[in-house]
Amino acid sequence: MVGVDFGTLSGRAVVVRVGDGAELGSAVHEYAHGVIEDALPGTDVRLGPDWALQSPADWRAVLRTAVPAALAASGVAPADVIGLGTDFTACTVLPVTEDGVPLCESYPDRPHAWPKLWKHHAAQPYADRINETAARRGEPWLPRYGGRISSEWEFAKGLQVLEEDPELYGEAARWIEASDWIVWQLTGAETRNLCAAGYKGMFQDGGYPSADFLAELNPAFAGFTGKLGGRPVPPGGLAGRLTAEAAGWTGLPEGVAVAVGNVDAHVTAAAADAVRPGQMVAIMGTSTCHVISSERLAEVPGMCGAVRDGIVPGLWGYEAGQSAVGDILAWFAETSVPAAYAERAAALGIGVHEHLTSLAERQRVGEHGLVALDWHGGNRSVLVDHDLSAVVAGQTLATRPEDVYRALIEATAFGTRLIVETFEASGVPVTELVAAGGLLRNRFLMQVYSDVLRRPLSVIGSEQGAALGAAVHAAVAAGAYDGVGPAAAVMGGRVRAAYVPDRARADAYDRLYAEYRLLHDHFGDGGLLHRLRAIRNEAAGVTPPRGRGPAPSGPRPPG
């Protein structure tokens, strides 16, 4: 099997043995354009605050480079590959023609023609309007999203395009998740995956929000769901077969089974063999996504959706998350660390992150005197407000970079603890917490999480969890297994209780967590932070979109 994971900054492919999940070869392709945040490629068109775009050319390049390289590294004959699976960041969404051609290839100087990356948060005012209107109307799907939908999702971004570039909106025959677009490129046929449709497109009980609801947002938005394609296909479904053209890109045989697209976090659960009720998987990278399956439907404040068959057929799948985690640490290391620290790190033969970690882990819990809010990228769960921003309290003239670095790590752990507590208070127990993603490389960070959460942490057995998970789904689509659960049991795996909490540190963290909760609840109403955001936008010359209603009060966490 071949699994391909399209991430935020790169794409990676892995060749996997179907009989036991052994990873035989892998390759990574770094995106040439990366995250487009400042100006459109090859133009002088500047982007506003909170914009984040990507280029479809980067995704095609992964198919042309990473897949053949992984095959070569594995030594597997292409003819022996029976299936291909893919996963993507979500909600990464783009407007395309009836034939699937991205509009940015015809209109490279128009920002809304480009794919909007998951962390594009400039649609927050439109999410506010959707939430206010849905709450006022009592829309039945809203409670399944914890009472608020996110600016990261399909409808908020689509409404932004309509109101800010209505002509281009009319040109878009399809509004499509990148996970479905890449499968279209591979098979020549458009399919939609239930995972992205459910969590990012409010697809519930067999349908999307009504035309009547959409028309109240904007009369021209009434037909939006017509751009969303046909009925979504559950995880592990067969999307089609590899075309001759795509076979030429990848080096795989024409006709290979291609699985329906999926979301990176959700396929990772299969790679960790953590698809049973109560197993929460935290995929920790630039952001963190928390996914968990359950036999029952519950309303959990601030989650990112409860979707039947969303992670594994037959169960309710839940998602929550934090918009920035690794991104916070990367931002701090790039912008706030004195040159002397970088020089010392270089002299030690290590990176800045490793140096900061080595200094931070020498401290006792609370020694830095700080507590921070992890809202540098807004709050995804449980407040669902991307106009919130970060706070660091307790700094003095004696505060050192390693103090802040540790406080930021702790803040992200506190955010995860609040998410876990919110699920459990809502009747969705978390029986095992499994960690995956790039941040697993920082052992100190992982121990902090175990101490803060007062729980053992299991860790995924693969460094390419999402790509392996995509391969697991491909095995199901190819008919090698009769379901995601059986395939995960054979091909996935994890190290149980790889980290266990230290009682003394956990007790000390309880005190800090109590202060985090006070800070969280005080600033969570958005008053001050929203006003600061408005002042910034005004100074930057960003015009508020017309028709923005007041932001509804967010769901409150337990306690």
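The values are calculated or read from the model by the stated rules, or taken from the named source; none is laboratory data. Source: prediction; values computed, not measured. Note that we place each Cβ from the backbone using ideal geometry, even for glycine, and neighbour counts take in every protein chain shown. Side chains are part of the model used for accessible areas, which takes the heavy atoms of the whole protein and leaves out ligands, DNA and RNA. Shrake-Rupley method; radii C 1.70, N 1.55, O 1.52, S 1.80 Å.
Screening Leu71 on (1) within 18 Å of the chain's Cα centre (by Cα); (2) buried (at least 17 other Cβ atoms within 10 Å of the Cβ) shows it passes everything except condition (1). Of Thr422, Thr412, all but one fail to be over 16 Å from Glu23 (Cβ atoms), open to solvent by less than 20 Å² (accessible area, probe 1.4 Å), touching a residue at least 60 places away in the same chain (Cβ under 8 Å) and in contact with a Phe, Trp or Tyr (Cβ under 9 Å, 6 or more places away or on another chain); the exception is Thr412. For segment 82-89, the criterion of being part of a loop (DSSP other than H, G, I, E, B), among the polar types (S, T, N, Q) and under 30 Å from Ala539 (Cβ atoms) is met by no residue. Beta carbons closer than 6 Å, at least 6 apart along the sequence or on distinct chains, pair a first residue in segment 7-20 that is farther than 18 Å from Gly492 by Cβ and in contact (Cβ under 8 Å) with a residue 12 or more places away in the chain with a second that is polar (S, T, N, Q) and not in a strand (DSSP E or B) for Thr8/Thr89; Thr8/Thr286.
With a requirement of 3 or more residues that are of a type in the set (A, V, I, L, M) and at pLDDT below 95, none of the strands (runs of 3 or more DSSP E) lying completely within segment 1-73 satisfies it. Can you find a residue that is in a loop (DSSP other than H, G, I, E, B) and touching a helix residue (DSSP H, G or I) at 6+ places or on another chain (Cβ under 6 Å) anywhere in segment 323-331? Taking every residue of segment 323-331 in turn, at least one turns out to be in a loop (DSSP other than H, G, I, E, B) and touching a helix residue (DSSP H, G or I) at 6+ places or on another chain (Cβ under 6 Å). Taking segment 140-153 as the range and being more than 15 Å from His386 (Cβ to Cβ) and surrounded by 20 or more Cβ atoms within 10 Å (Cβ to Cβ) as the test, the residues that pass are Leu142, Arg144, Gly147. Keeping to segment 425-437, report how many residues are closer than 20 Å to Arg406 by Cα and open to solvent by less than 30 Å² (accessible area, probe 1.4 Å). Qualifying residue count, segment 425-437: 1.
If you filter segment 397-409 down to residues that are touching a residue at least 60 places away in the same chain (Cβ under 8 Å) and among the β-branched types (Val, Ile, Thr), you find that the one that is surrounded by the fewest Cβ atoms within 10 Å (Cβ to Cβ) is Val404.
Selection of first residues in segment 132-148 that are farther than 15 Å from Tyr318 by Cβ and of a type in the set (A, V, I, L, M) and of second residues that are modelled with pLDDT of 95 or more and open to solvent by 40 Å² or more (accessible area, probe 1.4 Å), restricted to Cβ pairs under 8 Å at least 6 apart or on distinct chains, gives the following pairs, ordered by first then second residue: Leu142/Ala135.
The residues on offer are Arg192, Arg174, Arg231, and the sole one that is within 29 Å of Ala474 (Cα to Cα) and either of a type in the set (A, V, I, L, M) or out of contact with any helix residue (DSSP H, G or I) (no Cβ under 8 Å at 6 or more places or on another chain) (or both) is Arg231.
Take the conditions modelled with pLDDT of 95 or more, on the phi > 0 side of the Ramachandran plot and of a type outside the set (Lys, Arg) and apply them to Gly147. Does it pass? Considered against the rule, which asks whether it is modelled with pLDDT of 95 or more, on the phi > 0 side of the Ramachandran plot and of a type outside the set (Lys, Arg), Gly147 comes out as no. Restricting Ala306, Ala345, Ala330 to those that are of a type in the set (Gly, Ala, Ser), touching a residue at least 24 places away in the same chain (Cβ under 8 Å) and either under 23 Å from Leu519 (Cα atoms) or buried (at least 16 other Cβ atoms within 10 Å of the Cβ) (or both) reduces the list to Ala306.
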